[in-house]
Structure formats: structure tokens, C-alpha cells
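The next block holds one structure in the form of C-alpha cells; read it before the comments.
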Amino acid sequence: MILMEAIIGRVSHDLAGAIGAFANTVDLMKMDASFIGESVELLETSAHQLTARLAFFRALFGAETKSISSDLVCRYLDTLAISVDFKGTPVSRLQLALIAVGLEILGTDGLLDLKENTLVVSGKELQCDSVFIQALIGTQLPSDPKLVMAQWLAYLAKEDGFAVRLNAEDDVVTITLV
């Protein structure tokens, strides 16, 4: 599997839940007209989730765009099942990739603090899988949807002349582009 195939698999997986909820709500509306009133909120929630995630992925994996902002990140974070506090002002795909990697490491509720080319990830149950870390620092590994965010950050960093450095402590991981 090449990186682009893995990216498509990852994005499809991340959109599938909201698409399924949307489709199921429409089916319920067709089967039971009394459900139509209740379904509007479900459709709005699914549409919000799809729009926020699609905008985030378009900015992360597409061409550089002026839509990259704190608002874009916060709207995406609102679609997640975990609670993530975010500080910072992203302006590039590289910074969005840092944020995406931070979310993979975070695992559960916590804080992402972005300052230029450094992201500090703070949380109680940080995930530091050795294969993910190898992909993050640029080790050539077969592409896999589970490694996409690490491989994408490593790719973008290399493209811009940076290397990825990690500093891990108990409840804090700092990712720096040097």
C-alpha cells in the first residue's frame, strides 16, 4: 500500500460514521414519518461532523489554503469523541499535520499546545506506539491507515527541510520540527 492509498483509507474511515448516521436517519424518516421532527437534529449533527472533518482533511492533505486556522481545528476537534483543549494558531499544512499526530498520541482527553513548529501534547494516557514513532521520525515503513498521520508529517517535514524530534515524559510529549 502506498501513502496515498493509506490516506484515502484513513479519511474514508474517519468520514464513514457520520455518513452512516446520515444515511440511517434518512432511512428512518422514510420508514416512519413521525420520526421526521426528531431526525432534523440528527441530520444537522451528522452534516456538521462531515463538513468539519472534510474541511480539516482537505486542508491537511490538499494544497496549502487560506482556510487553515484555529477555527478549522476547533471545529474538527468538536467532532471527536474525546475532549481536546487547543491552544495556538495554525497557518500551514505542516502545523495541521503536527496537530493530527498530536491527536494520535493523545488517545484520550487532553491538551494540544501549538507554538510555531512545536506541539506539546499533554494527557493522562498518551499513546507512544513504537512503530508509529518510527514512522514519525521518517523510518521507511509500509504505509498503513494507522500510520498515515505520522508518515504524512514526516513527508511534509522532509519536503520543507525539517526533521521531526520527540521528547517524551510521563504525561507530556513534545514534537518539534528542527
Expected output for the range 91-117 (first residue farther than 23 Å from VAL11 by Cβ, partner polar (S, T, N, Q) and not in a helix (DSSP H, G or I), Cβ below 9 Å, 6+ apart or cross-chain) is ASP109/SER83; GLY110/SER83; GLY110/SER122; LEU111/SER122; ASP113/SER122; ASN117/THR176
Checked ALA16, ALA63, ALA23 against criteria (free of Cβ contacts under 8 Å to residues at least 12 places away in the same chain, within 22 Å of LYS158 (Cα to Cα), small (Gly, Ala, Ser) and surrounded by fewer than 17 Cβ atoms within 10 Å (Cβ to Cβ)); the one match is ALA63
Taking the range 35-70 and keeping residues of a type in the set (Ser, Thr, Tyr) and out of contact with any helix residue (DSSP H, G or I) (no Cβ under 6 Å at 6 or more places or on another chain) leaves THR45, THR51, SER69, SER70
Scan the range 67-78 and tell me whether some residue there is without any contact (Cβ under 8 Å) to a residue 40 or more places away in the chain and under 24 Å from MET1 (Cβ atoms).
no
Of those in the range 118-146 that are small (Gly, Ala, Ser) and in contact (Cβ under 8 Å) with a residue 12 or more places away in the chain, the residue farthest from SER70 (Cα to Cα) is SER143
Among helices (runs of 4 or more DSSP H) completely within the range 66-143, the ones holding 3 or more residues that are surrounded by fewer than 20 Cβ atoms within 10 Å (Cβ to Cβ) and touching a Phe, Trp or Tyr at 6+ places or on another chain (Cβ under 8 Å) are 70-77
Checked GLU38, GLU5 against criteria (free of Cβ contacts under 8 Å to residues at least 12 places away in the same chain, among the charged types (D, E, K, R) and either farther than 25 Å from ALA154 by Cα or assigned to a helix (DSSP H, G or I) (or both)); the one match is GLU38
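Just so you know, all these numbers are worked out from the coordinates, no wet-lab data involved. Given the structure is predicted, the values throughout are model-derived calculations rather than measurements. Every residue, glycine as well, gets a Cβ built from its backbone with ideal geometry; the counts of neighbours run over all protein chains shown.
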